[in-house]
1. Sequence neighbours fewer than 8 away in the same chain don't count; with that in mind, list the aspartates and glutamates whose C-alpha is under 18 Å from Lys115.
2. According to the square roots a ≥ b ≥ c of the eigenvalues of the Cα gyration tensor, what is the shape class of the range 182-260, taking rounded for a/c under 1.5, prolate for a/b larger than b/c otherwise, and oblate for the remainder?
3. Take the cross-link list Lys163/Lys246; Lys176/Lys246; Lys163/Lys243; Lys78/Lys260; Lys59/Lys176 and give me the ones stretching past 24 Å between alpha-carbons.
4. Quick one: grab Rg to one decimal and Dmax as a whole number for the range 23-63, Cα atoms only, in Å.
5. About the Cα centre of the range 6-264, what is the dipole size in debye to 20, counting +1 per Lys and Arg Cβ and -1 per Asp and Glu Cβ, all else neutral?
6. If you average over every viewing direction, what projected area does the convex hull of the Cα atoms of the range 100-209 give, in nm²?
7. Out of Gly177, Asn46, Leu103, whose Cα points farthest toward the positive end of the dipole of the chain (charges: +1 Lys, Arg; -1 Asp, Glu; placed on Cβ)?
8. Based on Cα coordinates alone, diagonalise the gyration tensor for the range 134-265, multiply each eigenvalue by 5, take square roots, and list the semi-axes in whole Å, largest first.
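Every read-out reported here was derived from the displayed coordinates using simple, explicitly stated rules and does not represent laboratory data. None of the values given here were measured: they were computed from a predicted structure. Every residue, glycine among them, receives a Cβ derived from its backbone with ideal geometry; neighbour counts consider all protein chains shown.
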Amino acid sequence: MNLPPVVLTISGFDPCSGAGALLDLRVCSELDCYGIAAITALTVQNTSQVYFAQAVGEKVLTSTLEKLAEDFEIAAVKTGMLADEKTVCCVAEWVSAYRPAALVVDPVILSTSGKRLLSPQGVRTLIDRLLPLADLVTPNLPELAMLTGQQVNDLAASEVAAKALLRLGVAAVLVKGGHSSDVHVVRDCLVTSADSTIFAAERLDIGEVHGTGCALSAACVCYLARRLSLRESVTNALSYTRKLIKQSIKLGKGSRLLWKSEHWY
């Protein structure tokens, strides 16, 4: 029996299971990885908005990371919501010591409803201490602008801003194009020191969907854990996430929720 690779998600707890650690673990299971989680923050939210968030604290997070690393051989790690500067520092220190084979950083700064999920000093610490350790960073356009201080309003500008992150030591940047003004096509862009690759797809007109960024970064880390190349991992993750979006369902009064991809049918 071939054992599944172990993937660690370091992210927040969403009580409606639409994003964060709970969604990451579902993605891991669907993509034949064994997911484990270190919770960074508890949130009060539903499908309409995030109301409140509180970091779990350095002691709990650091202890969780240490004990999981003692017990499991972790193939790859992703980070999501990190809440504040102290949490970012904890994660960066652990990653520096553990040195996972693959690290995917989803720089969660704002919720879809506009709630701040990472403090300004936390963003600065993320840039200085965690991004240089990352094999792949997956910002959307607003996050890329906040990370670089540049205006990012089109594809050309996003490539320029992504290259600024590469100069910090990031190995690769996947810029998510869902926030672009193009109502017909979504263009995601993978930027490395060697080249840039555009992934274009028709925009799905189904309304607001919760958790797409979490699902995409989780899928990327799962494929990397299964030892696919970066390009293969990103290509497969984008295809998988699109399937999830197509299968999304409306259970609450707010955004649609990701359900099962076509893999389950």
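1. Asp14, Asp84, Glu85, Asp106, Glu143, Glu208
2. Details: a/c = 2.79, a/b = 1.52, b/c = 1.84.
Note, shape of the range 182-260 comes out oblate.
3. Working: Lys163/Lys246 31 Å; Lys176/Lys246 17 Å; Lys163/Lys243 29 Å; Lys78/Lys260 21 Å; Lys59/Lys176 33 Å.
Over 24 Å apart, Cα to Cα: Lys163/Lys246; Lys163/Lys243; Lys59/Lys176.
4. Using the Cα atoms of the range 23-63, the pair Rg, Dmax is 13.1, 33 Å.
5. Numbers: 25 positive and 26 negative charges, 75 e Å.
Dipole about the Cα centre, nearest 20: 360 debye.
6. Values: hull surface 28.9 nm².
Over all viewing directions, the range 100-209 projects a mean Cα-hull area of 7.2 nm².
7. Value: Asn46.
8. Values: eigenvalues 120, 67, 30 Å².
The equivalent ellipsoid of the range 134-265 has semi-axes of 25, 18, 12 Å.
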